[in-house]
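Before any comments, here is the structure.
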Amino acid sequence: MKATFLRPLVFLVLAGSLLGGLPLHAASKKKGPPPDPGTRGAITAVTTAAPAGITVGGKEILVDDTTTITLDGRPAKLKDVKAGMFAQINTFTLGDRLTAVSIRAFTKAPPDTGKDKKKKKGK
């Protein structure tokens, strides 16, 4: 009895999927915002008072207790990071605010990774 009930149901689901009405796999449609490529550049401002934040490349980025921070490769705190340094920041959007996952700060500009040079050669 169960087999006769399920057969038409399976047929309808497959037919609907083939016609584009239903996805065959739930993961076939990605939801949510696209991943943020992060930010890198000179630090123009650091705020240690709540809400703590850092400004790089004109972007104001929220810093919370879960943000990991390094300065020249060593663990650091936000109070150690100063305007004029350089940073590579991985971020995500939380509500309407950009939030830092990790901050890699440098007292001097980090060496170029070569990615930009490859793009210029292709022009």
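Pairing residues of region 55-81 that are in contact (Cβ under 8 Å) with a residue 40 or more places away in the chain with residues that are surrounded by 16 or more Cβ atoms within 10 Å (Cβ to Cβ) and not in a strand (DSSP E or B), at Cβ distances under 6 Å and at least 6 apart in sequence or on separate chains, gives 63/52; 63/78.
Name the residue, out of 48, 44, that is modelled with pLDDT of 95 or more and of a type in the set (S, T, N, Q). Before the answer, list the steps.
Working: 48 fails: modelled with pLDDT of 95 or more.
Going through 48, 44 in turn, just one is modelled with pLDDT of 95 or more and of a type in the set (S, T, N, Q): 44.
Could you list, in sequence order, the residues of region 34-93 that are out of contact with any Ser or Thr (no Cβ under 8 Å at 6 or more places or on another chain), more than 13 Å from residue 105 (Cβ to Cβ) and of a type in the set (A, V, I, L, M)? Those that are out of contact with any Ser or Thr (no Cβ under 8 Å at 6 or more places or on another chain), more than 13 Å from residue 105 (Cβ to Cβ) and of a type in the set (A, V, I, L, M): 49, 50, 52. Taking the criterion of being of a type in the set (Val, Ile, Thr) and either crowded, with 20+ Cβ neighbours inside 10 Å or more than 16 Å from residue 80 (Cβ to Cβ) (or both), the residues of region 50-70 that qualify are 54, 55, 56, 61, 63, 66, 69. Here residue 87 fulfils each of the conditions (1) small (Gly, Ala, Ser); (2) outside any strand (DSSP E or B); (3) within 20 Å of residue 51 (Cα to Cα) apart from (2).
The values are calculated or read from the model by the stated rules, or taken from the named source; none is laboratory data. Remember, predicted model here, so these are calculated numbers, not experimental data. Virtual Cβ from ideal backbone geometry, glycine too; neighbours counted across all protein chains shown.
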